[in-house]
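Structure first, then comments.
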Amino acid sequence: MPYFVYILASRRNGTLYIGVTNDLVRRIGEHKAKVIPGFARQYDVTLFVYFEAFESVLEARSREHSLKRWRRAWKLKLIEELNPDWRDLMDELQSLAN
């Protein structure tokens with residue numbers, strides 16, 4: 001079962017949120033529906049802009065921890081290398097899941 005580290009943003013260059021899940025479609029859907037209280041809901045962080053897949057939860061958690069310690073500029077560069085237009089990747093993710 002794959003595990004994912006993902007980044008959400010409030011808007012381009014806005015507030016960032018980094019999380020881990022084993023069901024990316026479900027988890028991003030929960031963020032977008034704002035059903036889970038916390039940081040992402042409080043700051044309207046729903047734009048799905050980046051993700052990475054891992055084979056184990058330990059690898060994913062380690063990467064999440066690492067990314068959370070990164071400087072903001074490094075995180076922005078990481079997002080822009082994969083997603084320079086800051087597209088919401090949810091549509092692409094859903095088409096891959098179907």
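The values are calculated or read from the model by the stated rules, or taken from the named source; none is laboratory data. For clarity, every value in this text was computed on a predicted model and none was experimentally measured. Ideal geometry is used to build each Cβ from the backbone, glycine not excepted, and the neighbour counts take in all protein chains shown.
Output the number of the condition that Val49 fails; it satisfies all remaining conditions of (1) outside any strand (DSSP E or B); (2) among the hydrophobic types (A, V, I, L, M, F, W, C); (3) closer than 22 Å to Pro84 by Cβ.
Here Val49 meets the rest and fails (1).
Given (1) closer than 13 Å to Tyr17 by Cα; (2) surrounded by fewer than 15 Cβ atoms within 10 Å (Cβ to Cβ); (3) at pLDDT 95 or above, identify the lone condition not met by Leu67.
Condition (2) is where Leu67 drops out.
Return yes or no: is Ala40 among the small types (Gly, Ala, Ser), surrounded by 14 or more Cβ atoms within 10 Å (Cβ to Cβ) and assigned to a helix (DSSP H, G or I)? First the steps, then the outcome.
Numbers: among the small types (Gly, Ala, Ser): yes; surrounded by 14 or more Cβ atoms within 10 Å (Cβ to Cβ): yes; assigned to a helix (DSSP H, G or I): yes.
When the stated conditions are applied, Ala40 passes them.
Give the residues of segment 2-29 that are surrounded by fewer than 15 Cβ atoms within 10 Å (Cβ to Cβ) and either polar (S, T, N, Q) or in contact with a strand residue (DSSP E or B) (Cβ under 9 Å, 6 or more places away or on another chain) (or both), sorted by residue number.
Correct list: Pro2, Arg11, Arg12, Asn13, Gly14, Asn22, Asp23.
Does any residue in segment 6-33 that is within 11 Å of Thr46 (Cβ to Cβ) come within less than 6 Å, Cβ to Cβ, of a residue that is of a type in the set (D, E, K, R) and assigned to a loop (DSSP other than H, G, I, E, B) six or more places away or on a different chain, and which pairs are these?
Listed pairs, sorted by first residue: Ser10/Asp44.
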